[in-house]
Amino acid sequence: MTRPNSLYRRLLTWLLLPLMALGGLMVLQAWIEARHTADRAFDRLLEAATLAIAEQVQWQDDRLWLDLPPAALEMLATDAEERVFYALYDARGRFVTGNADLPGPPRESDGEASTLRFRDLSWHGLELRQGIRRSRLEDWRQRERFEVRVAHTREGREGLTNELLRANLVYILGMAGLAGVVVVLAIRGALTPLTRLRRAIRARDPRTLAPLELSLPRELAELRQTLNELLARMRRVRANQERFIGDASHQLRTPLAGLSARAELALRQDDPQRWRDALEAMQATSARTSHLAVQLLSLTRLDNPEYQPDLLPLDLGTLARNAVRTHWAGCHRDGIDLGVEAPEAPVTVPGLDWQLEEALGNLIDNARRYGARHITVRVVVTPPVLEVEDDGPGIPAAQRLLMLRPFHRGSDDPEGSGLGLAIVDGIARTHGARLRLDDGTGARGLKVSLQFPGEAS
Amino acid sequence: MIHRLLCLLLLWLSGASLATADERLHYPAREMDGEAPGRLVIHGALDPTYARPILADFHARYPTIDLTYRNLDTLPLYRRFLEAPGEVDVLMSSAMPWQYRLANDGHAQPLNTPEARAWPAWARWRRELFAVTFEPIVMVVRRELIERFGRPASHADLLALLQRHPEVLRGRVVTYDPNVSGAGYGYAIEESRLSPRYWDLIAAFGATDTALAATTGEMLEGLIDGRFWLGYNLLGSYAREVVERHPGLEMVVPDDYTLVTQRLALIPRQAPHPDEARRFMDFLIGKAGQQVIARETSLGAVHPALTGPGTAWALRSSHGDALRPVTLGPGLLATLDDLKRQALLTRWQREFTRHQASLAPTASQDDATRPADARQ
């Protein structure tokens, strides 16, 4: 609750703030209501007083005459001892008698014979409530209009208002307290499953990837579901890794066992010529094994998701020509036609030259090994593509994706490690390039292409 | 001879001085170390005879306050205050409606002291207006009248007396002229509210050619020298001392109803020395000041803790049911209403002159019916 960014606090704030605003509104409304009620009660006094005075208004000596009943004034003063003012005005608004020249409302057109109005008035620094009665004489001849204005100060009204408000305030405060307690309890109850989830995760064995089994409300069940999906992915990744390690150790064990058997066999013989043959064979095997170890190493490095090398701009054409130059002699020896198709203008992409060289080497090597007669290394300008095409047996479309997995081989070739295409795939990923396996020209052979992102520059 | 001289002196003090304007009492501040001298200006409608013991006691308690008391008649006091509301610190007057009107119009400032809070609710209005005395309105009768006709103990007795012996009492009765005296008008309003028989009494007064006076002092003067046998509606506080010194007179507190008037004190909102004013008010409504009023004046102390002679308590225990203190409320404002005043004085005059109408029947017919017609 004291931490700045807490769900509990946020909920509490957003529930209690509106609650408090609502409470404030209720208090305001209660005050207005109380004031209104008090005014209504006390306005009766003004009404009675104006009536008592109006009844005493007469026509005498050719003028309005008032024999003021003291009781009319006394009824305006309650226990609160209000100040009392009264005045009588004639039809033209002239002061007839009274103890104060009270301002009246603007004169309206003479509609009804008798009207009664109340209003609040601020007069000489006093807050007054005024009652105004318009009436007329009910004499035989005289129908003179007149206006009685009385006013008193608000002490009695304020007293009643406060009394009413106090009763309401107790009620409102009680409700607010109850609501606050309920809100706090509700938030605590709602956040309990979160605590349970946290405890369940913390209590788990750190090595286990088994899904979480915990009954949770719907919103948290979604979180649990996501968490379980993540765990499932991690389980698959771990299975892949385990298989890779198994395959790798298997691949390394076979040539090592061969080496060991060959050496044992040679040691049983005394002929130096046999020893030499054995040593030559052992050298070839160990060279292959070390090549395999290098490939495994580079694949491990490429598979590391945290491996982010700095890419430098390089020319694909130069790269292709250099690769052809490197491998040409070997291919020529085996009677294979290795050629390059690259534009004269440089096709520049960001990349690592040694990686791309290895990729090209792997692809040319693969093509040679699977019996191609013609191998073409090609560079396309737009979009920048590096491809190697051969006229070998090719790979059926259904198996192409499998070929990218380590140790998967298209045929039982003892020479191949089964890592070539997997390494090319890793290099393509490092460069953000797309690796495609397609049929070669004329639906024969295989075309492997690396399509680099963006335009060549 | 000495006796007569003393009488004259007393007369001057109690009666005649009521009408005299602008008498000053001044108590200069005594120098004292460490205390800054204060000032206090009091305007009162209270005779110096009565004011002096109160002021002297206050000054003895607070000698560093330079005290000025100015005795004014009730109406000049009211008008002078409205003209210069910032020159006076305490306003004391027996003209209850006028004092009430000043407070009602917001000219008084509230006094929030323990003394003010302890003051009985019936003797104050808000915490602005304090009734500090308790003075019954009484009759003063000469012994000659008591010996001949018995003691008129109530208004009913008086009415019967007047109706039975108009010839003997002709010109021997005196009362306030409400047309001239504000106090007399105030009593008339209160009495007419109390009972419709008041008008019979006025008619009886008219029938005996009752003399009309402007002040209590004037009436007492006539009673002392024997011109009048009966004075009606005299201020008890003034009459008491005179009666005590004149065995020929007797004061009658009517036992059916007795009006009680009270002097009202307030501190104006613009009082130049409010601290001193509050101190004086606290003294005036505190036990100390009230004790002075009870012991050394005949004004009647109001303080509820005080008993014994010279207090409201004493008067209540002897005339409890009959006492009708003037209610300190907005009803007093009606007294000041001009039309009300005209209406009452017209009625009063009509009742007072009724006997003349009965002497001339045709004229009386006119006189009696005209206002009644007009009222419809």
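Values in this text are rule-based calculations from the coordinates and carry no lab data. Values in this document were obtained by computation on a predicted structure and should not be read as measured data. Cβ: placed from backbone, ideal geometry, glycine included. Neighbour counts: every protein chain shown.
Mind checking the angle between helix B:182-194 and chain B's longest principal axis? C-alpha axes, 0 to 90 degrees, to the nearest 10.
Long axis of B:182-194 versus the principal axis of chain B: about 60 degrees.
Measure nothing fancy, just the Cα-based angle from helix B:361-375's long axis to the longest principal axis of chain B, in degrees from 0 to 90, nearest 10.
It works out to around 50 degrees.
With both bridge residues required to lie in chain A, what share of the DSSP beta bridges run antiparallel, to the nearest 5%?
Numbers: 54 of 59 bridges.
Rounded to the nearest five, the antiparallel share is 90 percent.
Can you say what percent of the DSSP beta bridges in chain B, counting only those with both residues inside, are antiparallel? Round to 5.
Details: 24 of 44 bridges.
Counting DSSP beta bridges with both partners in chain B, the antiparallel share is about 55 percent.
Hey, could you grab the Kirkwood Rh for chain A? Inverse mean 1/r over distinct alpha carbon pairs, Å, one decimal. Don't skip to the answer; put the middle values down first.
Numbers: mean 1/r = 0.0300 Å⁻¹.
Final number for the Kirkwood radius of chain A is 33.3 Å.
With all distinct Cα pairs included, what does the Kirkwood hydrodynamic radius of the stretch A:7-162 come out to in Å, to one decimal, could you say? Numbers along the way, then the final one.
Working: mean 1/r = 0.0564 Å⁻¹.
In the stretch A:7-162 this quantity evaluates to 17.7 Å.
With +1 on each Lys and Arg Cβ and -1 on each Asp and Glu Cβ, how big is the dipole of the stretch A:160-257 about its Cα centre, in debye rounded to the nearest 20? Intermediate values should be presented prior to the final figure.
Working: 16 positive and 8 negative charges, 90 e Å.
The calculation lands at about 440 debye.
Report, in degrees rounded to the nearest 10, the 0 to 90 angle that the Cα long axis of helix B:74-83 makes with the longest principal axis of chain B.
50 degrees
How many angstrom separate the Cα center of the stretch A:72-97 from the Cα center of the stretch B:77-115?
Taking the Cα centre of each part, the stretch A:72-97 and the stretch B:77-115 sit 21 Å apart.
Let me confirm one metric for peptide A:84-92, namely the mean number of other chain beta-carbon atoms within 10 Å of its residues' beta-carbons.
Values: counts 5, 4, 4, 0, 2, 0, 0, 0, 0.
For this peptide, the per-residue mean of nearby foreign Cβ atoms is 2.
Determine, for B:THR215, A:THR195, A:THR289, B:THR327, the number of other Cβ atoms within 10 Å of each Cβ, and report the residues in order from fewest to most. Write down the numbers at each step before the final one.
Values: B:THR215 24, A:THR195 10, A:THR289 18, B:THR327 14.
With the sparsest Cβ surroundings first, the list reads A:THR195, B:THR327, A:THR289, B:THR215.
Under a Cβ-only charge scheme (Lys and Arg +1, Asp and Glu -1), can you give me the dipole magnitude of the protein assembly as shown about the Cα centre, in debye to the nearest 20?
On the way: 101 positive and 105 negative charges, 403 e Å.
My answer is approximately 1940 debye.
Any idea how far the Cα center of the stretch B:258-282 sits from the one of the stretch A:46-68, in Å?
35 Å
Can you give me the relative contact order of chain B as a percent, contacts being Cα pairs under 8 Å and 6 or more apart?
Values: 657 pairs, mean separation 88.0, N = 376.
Worked out over chain B, it gives 23 percent.
Would you mind ranking A:THR382, A:THR115 by Cβ crowding within 10 Å, fewest neighbours first? It would help to have the intermediate numbers written out before the result.
Values: A:THR382 8, A:THR115 13.
Result, fewest neighbours first: A:THR382, A:THR115.
Ranked by Cβ crowding within 10 angstrom, fewest neighbours first, how are B:THR335, B:THR297 ordered?
On the way: B:THR335 25, B:THR297 22.
Least to most surrounded, the residues fall as B:THR297, B:THR335.
Work from the charge dipole of the protein assembly as shown (Cβ charges, +1 for Lys and Arg, -1 for Asp and Glu, about the Cα centre) and give the residue of A:SER135, A:ALA210, B:VAL260 farthest towards its positive end.
So the residue we want is A:ALA210.
Report the relative contact order of the stretch A:218-303, percent, no decimals, based on alpha-carbon pairs under 8 angstrom and at least 6 residues apart.
Working: 22 pairs, mean separation 24.0, N = 86.
Here the relative contact order equals 28 percent.
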